[in-house]
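Chemist: This is the structure I want to talk about, given as structure tokens.
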Amino acid sequence: METTTFLSLLIKSSVALLAVWAIWFISLRRINRFSLVRTFLLMGTVLAVLSPMISPMLVNSLPQSVATITLPFSISIPEVVVNQSVVSNGVNWMKILMSVYIMVSLFFLIRFLIQLVKIFSLVIKGKQSKMDGVKVIEHEKNIPPFSFFGYCFINPNEIPSDKMDVIIGHESAHIRRHHSADIILLETIGIFQWFNPFFWMIRKAIVEIHEYQADEMVVISNYNQHSYMDSIVSLAFSGIALSLGNNFNKSLTLKRLAMMNTKKVGKFAIPALVLSIVIAVGTIFTISCSKSNDIEAQSETVVTAKNLSTVADKPDDDTIYAIVEEMPVFDNDESKEFDKFRQYLAKNLRYPEEAAKKGIEGRVYVSFVVDTEGNVTKVKIERGVEPALDNEAIRVIQSSPQWQPGKQRGENVNVRFTFPITFSLQ
């Protein structure tokens, strides 16, 4: 994947995550319908991350008139690609930026794998038993009680015997709600979105909801609420937690106590959630489908110029044709793909040094006319990227050797061509 394309995807997904967080913060933050809010945050996060990759496919699946670029009706020459290794003189900030991004992403990946190894090590080395239908792993590490998928991890030496049922009930709630799957998903996204503060705020909000859901399930199961509140206060202040586990976290304790004493939100919860989903989906796809260089269409065109004609009965000196009986020929090349002309372009195009230093790349759409004398005229940028790239495309086309002119009913005529040139850094 091209560097700039990848960065574009990251930026779009980051802005979409900002939109998800903002909608949650404004309309759903104080709603204690935890399952609904959790679903919104999870689905919104996944959609924000994937939509920049999905939206181009959706756009291209639309009717051709929507997905194509409007160019003068003409013969379309196959694309010419100009590759360029990044220039060595000067500082290539794009390359440095990508190197830093990759190194930090590798750090988070390694951190994630280490956490998994630590948990699996506890499973292998710990003493396994079963309490109230939950698989319990007993260990001697200075780690607060936590759960991970079907396992509950505890250090029995640091837990009062009268608190054991509280822990098992709480962690069992995490297991039944499949909270560990959320954490794995968020850790995976974090490897790519580590630079985005809004992703970390969304992650924090989801972890808080996990605790609220677990507390709610324990209290509903007829456990004495005041006794339970005393237990979570005493259990929250011990050891260092593993980030992958659903654990007793002291930073959440006061919020959890306040939430347990909050009256359940009623009639406004569902409308607020539905409205939030509609706004979030619309905003995310608006961001993801914003104009970029992702449009690939290059052969479907429509007429936009005056004096443009297909095959006519009587040629005129001022008429520009799209299709004629005998098409112009470059360097005695009779191939339908205009191979020799494309070879000429590939040989003579030079990647502008200024654009390469700035990491600028993209697709330039060019049109030109082969006149009745075989000269290349009316060179025009139909859709440009950046002046340096556009000017290079124009320079090479204008320098083209003379063609054998096209003919209509035995007379030389003007014929228009259109084609894309892709400038790509390596």
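The values are calculated or read from the model by the stated rules, or taken from the named source; none is laboratory data. Fair warning: this is a prediction, and the values are worked out from it, not measured in the lab. Neighbour counts are summed over all protein chains in view; Cβ atoms, including those assigned to glycine, are modelled from backbone coordinates with ideal geometry.
Chemist: Can you tell me which condition residue 180 does not meet? The list is (1) surrounded by fewer than 19 Cβ atoms within 10 Å (Cβ to Cβ); (2) in the same structural domain as residue 37 (by TED's automatic domain parsing), and all the others hold.
Modeler: With (1) surrounded by fewer than 19 Cβ atoms within 10 Å (Cβ to Cβ); (2) in the same structural domain as residue 37 (by TED's automatic domain parsing) applied to residue 180, the lone miss is (1).
Chemist: Further, regarding this structure: Condition first: touching a residue at least 60 places away in the same chain (Cβ under 8 Å) and touching an Asp or Glu at 6+ places or on another chain (Cβ under 6 Å). Now tell me which residues in the range 126-152 satisfy that.
Modeler: Residue satisfying the conditions is 147 alone.
Chemist: For the subset of the range 393-417 comprising residues that are basic (Lys, Arg) and more than 10 Å from residue 327 (Cβ to Cβ), which member is surrounded by the most Cβ atoms within 10 Å (Cβ to Cβ)?
Modeler: My answer is 416.
Rundown of residues vs (1) touching a Phe, Trp or Tyr at 6+ places or on another chain (Cβ under 7 Å); (2) not in a helix (DSSP H, G or I), yes/no style:
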{"position": "332", "(1), (2)": "no, yes"}
{"position": "337", "(1), (2)": "no, yes"}
{"position": "341", "(1), (2)": "yes, no"}
{"position": "344", "(1), (2)": "no, no"}
{"position": "354", "(1), (2)": "no, no"}
{"position": "391", "(1), (2)": "no, no"}
{"position": "415", "(1), (2)": "yes, yes"}
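Chemist: Taking the condition under 17 Å from residue 418 (Cα atoms), touching an Asp or Glu at 6+ places or on another chain (Cβ under 8 Å) and touching a residue at least 40 places away in the same chain (Cβ under 8 Å), does residue 405 pass?
Modeler: It is true that residue 405 is under 17 Å from residue 418 (Cα atoms), touching an Asp or Glu at 6+ places or on another chain (Cβ under 8 Å) and touching a residue at least 40 places away in the same chain (Cβ under 8 Å).
Chemist: For the range 356-383, name all the residues that are surrounded by fewer than 21 Cβ atoms within 10 Å (Cβ to Cβ), more than 23 Å from residue 413 (Cβ to Cβ) and in contact with a helix residue (DSSP H, G or I) (Cβ under 6 Å, 6 or more places away or on another chain).
Modeler: Selection gives 359, 381.
Chemist: Oh, and also: Please enumerate the residues belonging to the range 328-347 that are surrounded by 14 or more Cβ atoms within 10 Å (Cβ to Cβ) and out of contact with any Lys or Arg (no Cβ under 6 Å at 6 or more places or on another chain).
Modeler: Within the range 328-347, 328, 329, 338, 339, 340, 341, 342, 343, 344, 345, 346 meet the criteria.
Chemist: I'd like to check something: does the range 133-155 contain any residue that is of a type in the set (D, E, K, R), over 22 Å from residue 35 (Cα atoms), part of a helix (DSSP H, G or I) and not assigned by TED's automatic domain parsing to the domain that holds residue 216?
Modeler: Scanning the range 133-155 turns up no residue that is of a type in the set (D, E, K, R), over 22 Å from residue 35 (Cα atoms), part of a helix (DSSP H, G or I) and not assigned by TED's automatic domain parsing to the domain that holds residue 216.
Chemist: Next up: For the condition β-branched (Val, Ile, Thr), part of a helix (DSSP H, G or I), modelled with pLDDT of 95 or more and in contact with a Ser or Thr (Cβ under 9 Å, 6 or more places away or on another chain), what is the one hit in 191, 209?
Modeler: Being β-branched (Val, Ile, Thr), part of a helix (DSSP H, G or I), modelled with pLDDT of 95 or more and in contact with a Ser or Thr (Cβ under 9 Å, 6 or more places away or on another chain) holds for just one of 191, 209, which is 191.
Chemist: May I pose another question? Give the residue that is nearest to residue 94 (Cα to Cα), with candidates limited to residues of the range 385-426 that are out of contact with any helix residue (DSSP H, G or I) (no Cβ under 8 Å at 6 or more places or on another chain) and among the aromatic types (Phe, Trp, Tyr).
Modeler: The residue in question is 419.
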